[in-house]
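Enquirer: My questions all concern the structure below.
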Amino acid sequence: MSPAVPERALRELGRTEGGTDALGLLVRDQHTRRLILLRALLDAAADAPAAVRPTAAAAGPREHWALLEAADRADRAAVRTVLLHPLTGPWAQRCLRGLTSPAPTPELAADLAHFGALAAAAAIRARLPFSARLTAPAGPLVLPTLGALRTGRGASSPLDITLADSRVTVRQAGAAPVVLEADGDGPRSEDPRWLPVLTLPPLRDGAPPVHLDDLDPYRVAAPGPQRHGLSAATGPDPAERAAWARLWALTGPALAAGGPHRPAEAAALLRCLVPLRPPPGSAPSGDGPAQCSATRREAFGAVLSSKPATAALLASTLVHELQHTKLAALSALVPLHHEDATPRHFAPWRSDLRPFDGLLQGAYSHLALADYWQRLALGAERLSRRDLAWAEHARCREQVGAVLPVLAGSGALTREGRVLVNEMIAVYHRLADSPPPAGHRARAEAYVRTARMIWRQRNGT
């Protein structure tokens, strides 16, 4: 067994759970990788081509890094909130790819300029008095984890930001200064040009809050999500923010109804929720999927989701997506298989061919959903809620059962992968101890048979 992952932690994760030590192991490793990524970015930026270097009017990556180091000495925890913010990862990877590619993209200069906003946000959080000159972007100036400022001029114009006496002042030529009062909840201002990030309360006592981030320019892959069934990100909208806040207030209890391990894993892993538009085909006719969601490996701790109809559906979305977060983090620590990436497998939750790793990821997340919905069904008092939960449980368990033989029969599983899959099989069989009503099981079996038939017709297998 790999010394990087104790067997106890591996077995917990294989059951789609994970105690404090197991989840902490994943979090610490991902945070270390983030800091290494940022250091690699700084080193690459030092050799950046002249075409993407900042003008003399603005500071460069070295100056931004110096501000980060000063802020880190003042309040390390505050700075880590910014550096380890999930959406810092996609930005850093995008910059590093641009700096190491043979031909820098036209967007690279703007991407590197975001380093200044990142450093300024860290200094503000650390309450470190500072003064910096930044380059204004084409759109709003986003201070990660804090908010966004509508700037008065186009891209590449200089912008001065200072923090003194708990007051942030932003000055740009041709516009009145914007003054923000820095307090414990982030900068505040009555100026309509300032839009703060919406901070959602922790899912349980002692956990960090969760940012509903509809501002960060790197929250989805440019020019937008290019993943199966995903929609584009939403922009800031007061009515949508209020609707998310109301839904979020009911999500903690809905998560807890699926077992104490669900709010525990969400508290340990979730730091950012990125709202998406309704999925393609769902409006205005109502046809098509009612919701879409995703995670991004480079954005550890973020879940992207369109707004579900109920708190139970949002809770199930978090259960689903956080399994992807866990399994991706575990795979970064230790290889689980040696299968190639060729799409060849049937997965009843998708109509296309899937690679082995995608099959493992999907089975893992659907197994957690089967467990979640079964617990809700067993604890539901209202018949309508119980009926919905049993239907979801039966469908998810049947979907997992359709692919487990492929996973279990693979000769490419590593020793750690074999332990993980064996635990998944044990959970799958344990779920049978409390079976759904016969009608739900029959419909789930018919659903998977139909999905397999459509898959064969579409893929010619």
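Enquirer: Using the heavy atoms of the protein chains and a 1.4 angstrom probe, tell me the accessible area per residue for the chain in square angstrom.
Expert: Per residue, the chain has 44 Å² of solvent-accessible surface.
Enquirer: Quick one: give the max-minus-min coordinate of the C-alpha atoms of the range 354-422 along each principal axis, largest first, in Å.
Expert: Projected onto the principal axes, the Cα atoms of the range 354-422 cover 46, 21, 15 Å.
Enquirer: Amide H of Val210: which non-local residues (sequence gap of 5 or more, or other chain) have their own amide H closer than 5 Å, using H built in the peptide plane?
Expert: Residues meeting the amide H criterion: Leu200.
Enquirer: With every protein chain left in place and a probe of 1.4 Å, what is the accessible surface of Trp349, to the nearest 10 Å²?
Expert: Spelled out: Trp349, probe radius 1.4 Å, area about 60 Å².
Enquirer: Starting at the first residue of the range 164-181, write each ³J(HN,Hα) from the Karplus equation 6.51 cos²θ - 1.76 cosθ + 1.60 with θ = phi - 60°, in whole Hz, x for Gly and Pro.
Expert: Karplus values, whole Hz, x for Gly and Pro: 8, 6, 6, 10, 9, 10, 10, 10, 9, 4, x, 9, 5, x, 10, 10, 10, 8.
Enquirer: Taking the Cα centre of the range 280-375 as origin, sum charge times position over the Cβ atoms of Lys and Arg (+1) and Asp and Glu (-1), and report the length of that vector in debye to the nearest 20.
Expert: Values: 8 positive and 8 negative charges, 35 e Å.
Approximately 160 debye in magnitude.
Enquirer: Given the C-alpha atoms of the chain, compute the convex hull and give its volume per residue in Å³.
Expert: Details: hull volume 74.8 nm³, N = 461.
Cα convex hull per residue, to the nearest whole number: 162 Å³.
Enquirer: Each label point is 7 Å from the Cα along the Cα-to-Cβ direction; what then is the distance between the points at Asn422 and Thr162, in nm?
Expert: So the label points at Asn422 and Thr162 sit 6.6 nm apart.
Enquirer: Kindly write out, for the range 425-432 in residue order, the coupling ³J(HN,Hα) from the Karplus curve 6.51 cos²θ - 1.76 cosθ + 1.60 (θ = phi - 60°), rounded to whole Hz, with x marking Gly and Pro.
Expert: 4, 4, 5, 4, 6, 5, 4, 6
Enquirer: Still on this structure: For the range 36-46, what does the Karplus curve 6.51 cos²θ - 1.76 cosθ + 1.60, with θ = phi - 60°, yield as ³J(HN,Hα) per residue in whole Hz, taken in order and with x for Gly and Pro?
Expert: Those phi angles translate into 5, 4, 5, 5, 4, 5, 4, 4, 5, 5, 5 Hz.
Enquirer: What does the convex hull of the Cα atoms of the range 109-156 come to per residue, in Å³, rounded to a whole number? Walk me through the numbers on the way to the answer.
Expert: Working: hull volume 3.5 nm³, N = 48.
Value for the range 109-156: 72 Å³ per residue.
Enquirer: Related question: Skipping prolines and chain starts, which residues have an amide H placed within reach, meaning under 5 Å, of the one on Leu143, given they are 5 or more residues away or on another chain?
Expert: Ala148, Leu149
Enquirer: What fraction, in whole percent, of alpha-carbon pairs in the range 16-136 exceed 21 Å separation?
Expert: Working: 2968 of 7260 pairs.
When all Cα pairs of the range 16-136 are counted, 41 percent exceed 21 Å.
Enquirer: Something else about it: Just want to confirm a number: the relative contact order over the range 127-218, from Cα pairs under 8 angstrom separated by 6+ residues, in percent. List each step's numbers first, then the result.
Expert: Details: 167 pairs, mean separation 22.0, N = 92.
So the answer I get is 24 percent.
Enquirer: Could you calculate the FRET efficiency of Ser384 with Arg297 from 1/(1 + (r/R0)^6), where r is the beta carbon distance between them and R0 is 56 Å, rounded to 0.05? Show your work: numbers first, answer last.
Expert: Numbers: r = 37 Å, r/R0 = 0.67.
Once the sixth-power term is evaluated, E becomes 0.90.
Enquirer: Over the range 329-378, what relative contact order in percent results from Cα pairs under 8 Å that are six or more residues apart?
Expert: Values: 31 pairs, mean separation 11.7, N = 50.
This gives 23 percent for the range 329-378.
Enquirer: Using only Cα atoms and rounding to the nearest 10 degrees, what angle (0 to 90) does helix 356-379 make with the longest principal axis of the chain?
Expert: Helix 356-379 and the main axis of the chain meet at about 70 degrees.
Enquirer: Further, regarding this structure: Taking amide hydrogens as modeled 1.01 Å from N in the peptide plane, which residues meet the under 5 Å criterion relative to Lys307, leaving out close sequence neighbours?
Expert: Here Leu276 satisfy the definition.
Enquirer: When the Kirkwood radius is taken over all Cα pairs of the range 251-381, what Stokes-Einstein diffusion coefficient follows at 20 °C and 1.002 mPa s, in µm²/s?
Expert: Values: Rh = 15.8 Å.
Roughly 135 µm²/s, to the nearest whole number.
Enquirer: Can I ask one more? Just to confirm my numbers, what's the Cα centroid distance between the range 345-390 and the range 411-461 in Å?
Expert: Taking the Cα centre of each part, the range 345-390 and the range 411-461 sit 9 Å apart.
Enquirer: Give me the number: length gained by fully extending Gln457 to Arg204, i.e. 0.36 nm times residue separation minus the C-alpha to C-alpha distance, one decimal in nm. Let's see the in-between values first.
Expert: Working: separation 253, 0.36 × 253 = 91.08 nm, distance 4.69 nm.
Length gained between Gln457 and Arg204: 86.4 nm.
Enquirer: Using a cut-off of under 11 Å, list every residue of the range 65-104 whose amide N is near the label point 7 Å from the Cα of Arg127 along the Cα-to-beta-carbon line.
Expert: Under 11 Å, as judged by backbone N against the label point of Arg127, lie 75 of the range 65-104.
Enquirer: D for the range 344-460, whole µm²/s, Stokes-Einstein with Kirkwood Rh over alpha-carbon pairs at 10 °C and 1.306 mPa s: what number? Before the final figure, lay out each step's value.
Expert: Details: Rh = 14.8 Å.
Using the Kirkwood radius from Cα pairs, D works out to 108 µm²/s.
Enquirer: Any idea how far apart Thr32 and Arg344 come out in nm if each label point goes 7 Å out from Cα toward Cβ?
Expert: 3.5 nm
Enquirer: Give, rounded to the nearest 20 debye, the magnitude of the charge dipole that the chain has about its Cα centre when Lys and Arg contribute +1 at Cβ and Asp and Glu contribute -1 at Cβ. Before the final figure, lay out each step's value.
Expert: Working: 53 positive and 43 negative charges, 149 e Å.
Charge dipole, the chain, about its Cα centre: 720 debye, nearest 20.
Enquirer: Next question, about the same structure. Just want to confirm a number: the relative contact order over the chain, from Cα pairs under 8 angstrom separated by 6+ residues, in percent. Display every interim value, and only then the final one.
Expert: Details: 762 pairs, mean separation 63.1, N = 461.
Reported relative contact order: 14 percent.
Enquirer: Sticking with this one: Using a 1.4 Å probe on the protein heavy atoms, what percent of the accessible area of the range 286-433 belongs to carbon and sulfur?
Expert: 52 percent
The values are calculated or read from the model by the stated rules, or taken from the named source; none is laboratory data. Keep in mind it's a predicted model, so treat the numbers as computed, not measured. All Cβ positions, even for glycine, are placed from backbone atoms using ideal geometry, and neighbour counts span all protein chains on display. Accessible surface areas use protein heavy atoms only, side chains included; no ligands, DNA or RNA. Shrake-Rupley method; radii C 1.70, N 1.55, O 1.52, S 1.80 Å.
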